[in-house]
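Student: The following block contains the structure, expressed as C-alpha cells.
Each reported figure results from applying straightforward, stated rules to the coordinates on display, with no laboratory input. Please read these numbers as outputs of a predicted model, since none were measured by experiment. For neighbour counting, all protein chains shown are included, and Cβ atoms are generated from backbone atoms with ideal geometry for every residue, glycine included.
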Amino acid sequence: MEGQAIMQGNVNEHRLINPNKMQLGYGKPSGAKTIWMLYVRMLASIFNLKKNGFKQMFMRLFSLPLYFLILWAFYFEAKDYQRAFITKSGLIFNAMVGTYFISIMNTICLCK
C-alpha cells in the first residue's frame, strides 16, 4: 500500500513490524544511565588488550603528558627577560595549541 491509501486507511492495520528492531520493553533509560553506559563503553575500548587497544591507550593516556613533559623541558630554565619563542607568556599559547593538535591527531589515528 502506498500514497493516498496509507493516508486514508487505519494506521494500526498497516503497521509493518521490523524483525531487526529490538523491542524496548523496559522503557527509555534515564540520562544518568545513558552517560554511565557511554563511560563504560569508552573504558572498555581504551583498556582492551589487543593491538588496537594498546594504541588507543597510548594515544589517549600518554600523548598529552608526553607533550607537556617536552614543554616543561623547554620552559624549566626560562627567564623573565627572554624575548624568544620560549617566553613565559607563550606557555599558555603553546599549551593550548599543542592540546588542540594532539586531540586532532588522536581523532585521526583512532578512527582508522
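Student: Taking 0.36 nm per intervening residue step and subtracting the Cα-Cα distance, what contour gain separates Lys33 from Asn52 on full extension? The partial results should precede the final answer.
Tutor: Values: separation 19, 0.36 × 19 = 6.84 nm, distance 2.72 nm.
Using 0.36 nm per residue and subtracting the Cα-Cα distance, I get 4.1 nm.
Student: Arranged from highest to lowest average of other beta-carbon atoms within 10 Å per residue, in what order do the peptides 44-52, 61-69 appear?
Tutor: Output ranking for 44-52, 61-69: 61-69, 44-52.
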